[in-house]
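First up is the structure itself, then whatever we jot down about it.
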Amino acid sequence: MTETTKTAADSPDGRPDGSGAAAAEELRTLLLSRIQDVPDHPRPGVMFKDITPLLADAAAFGALTEALAELCVRHRADKVVGLEARGFILAAPAAVRAGIGFVPVRKAGKLPGATLGQAYELEYGTAEIEIHADALEPGDRVLVIDDVLATGGTAEASLRLIRRAGAQIAGVAVLLELGFLDGRGRLLAALDSAPLEALITV
Ligand SMILES: O=P(O)(O)OC[C@H]1O[C@H](OP(=O)(O)OP(=O)(O)O)[C@H](O)[C@@H]1O
Ligand SMILES: Nc1ncnc2[nH]cnc12
């Protein structure tokens, strides 16, 4: 009789029992069920994806935090950058769970120290974001976490800031990617072969 031991490396989905795909689909279904469509917010024609029901559900929020923390580990991040404001809510607990530091990227004018700034366009307006100039160190591997990837403008601006701050991009992770806006396409060059992870794509 031959005894065998399966490790995560034996399975294409990273789990010894091959249950990863089913678990990912279960997570996706749970998360999607807690995101509410709000038509015409904040402008006519925009279908707003409201994550507040998800945040109010401890099991769903906990599962999301675990999934994002796993991505921190998988992509060997040593810092998490969260994007104001909804990105903060997802990124901060994931960083704590992964045992790494959290760095905020804020809307312009909010951070008290010396900053680097980047202007960008949103699905419904324009904005500028900033990071503390000394928040990251050369060699830091940074995972950017946000709730929604729409046009990709916010994430692209954050990647520019992180590189200007001297750090490396470990990847970008979002809860929800709006595929029809092709933020992924816009981000391609800025990612420079770093991964873009979306837990859900619609
Ligand atoms: O891919 P994009 O087209 O850039 O859009 C995505 C961004 O838009 C939303 O932020 P918003 O600026 O509305 O702010 P909030 O998180 O403060 O609500 C969302 O949280 C993302 O950060
Ligand atoms: N449609 C949308 N829903 C929620 N957040 C967004 N950020 C940009 N577009 C969005």
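The values are calculated or read from the model by the stated rules, or taken from the named source; none is laboratory data. Everything numeric in this text was worked out from a predicted model, so none of it was measured. Note that each Cβ is placed from the backbone with ideal geometry, even for glycine, and that neighbours are counted across all protein chains shown. Note: areas computed on protein heavy atoms with side chains; ligands, DNA, RNA excluded. Shrake-Rupley method; radii C 1.70, N 1.55, O 1.52, S 1.80 Å.
All conditions but one from (1) at negative phi; (2) open to solvent by 20 Å² or more (accessible area, probe 1.4 Å); (3) more than 10 Å from ligand 1 (Cβ to nearest atom) apply to Ile200; the one that does not is (2). If you check Ala127, Ala194, Ala119 for being crowded, with 18+ Cβ neighbours inside 10 Å and of a type in the set (A, V, I, L, M, F, W, C), only one passes: Ala194. Each residue in the range 85-94 was checked for being more than 14 Å from Phe61 (Cα to Cα) and either touching a His at 6+ places or on another chain (Cβ under 9 Å) or more than 12 Å from ligand 2 (Cβ to nearest atom) (or both), and 0 pass. Restricting attention to the range 139-158, and to residues there that are more than 10 Å from ligand 1 (Cβ to nearest atom) and of a type outside the set (Val, Ile, Thr), which single residue is least open to solvent (accessible area, probe 1.4 Å)? In this case the residue turns out to be Leu143.
Pairs meeting the criteria (first residue in the range 139-155 and farther than 10 Å from Val80 by Cβ and more than 15 Å from ligand 2 (Cβ to nearest atom), second residue small (Gly, Ala, Ser) and assigned to a loop (DSSP other than H, G, I, E, B), beta carbons under 9 Å, at least 6 apart or on different chains) are Gly139/Gly166; Gly139/Ala167; Asp140/Ala77; Asp140/Ala165; Asp140/Gly166; Asp140/Ala167; Arg141/Ala77; Arg141/Ala167. Count of the range 33-52 residues, restricted to those that are out of contact with any Pro (no Cβ under 9 Å at 6 or more places or on another chain) and β-branched (Val, Ile, Thr), is 3. Once the range 156-175 is narrowed to residues that are over 24 Å from Ala24 (Cα atoms) and in contact (Cβ under 8 Å) with a residue 40 or more places away in the chain, the residue that is nearest to ligand 2 (Cβ to nearest atom) is Ser158. Taking residues in the range 103-130 that are under 26 Å from Met47 (Cα atoms) and in a strand (DSSP E or B), and partners anywhere that are within 12 Å of ligand 1 (Cβ to nearest atom) and among the hydroxyl-bearing types (Ser, Thr, Tyr), the pairs with Cβ atoms closer than 6 Å and at least 6 places apart or on different chains are Val105/Ser158. What is the one condition in (1) within 12 Å of ligand 1 (Cβ to nearest atom); (2) open to solvent by 40 Å² or more (accessible area, probe 1.4 Å) that Val96 does not satisfy? Status for Val96: all satisfied but (1).
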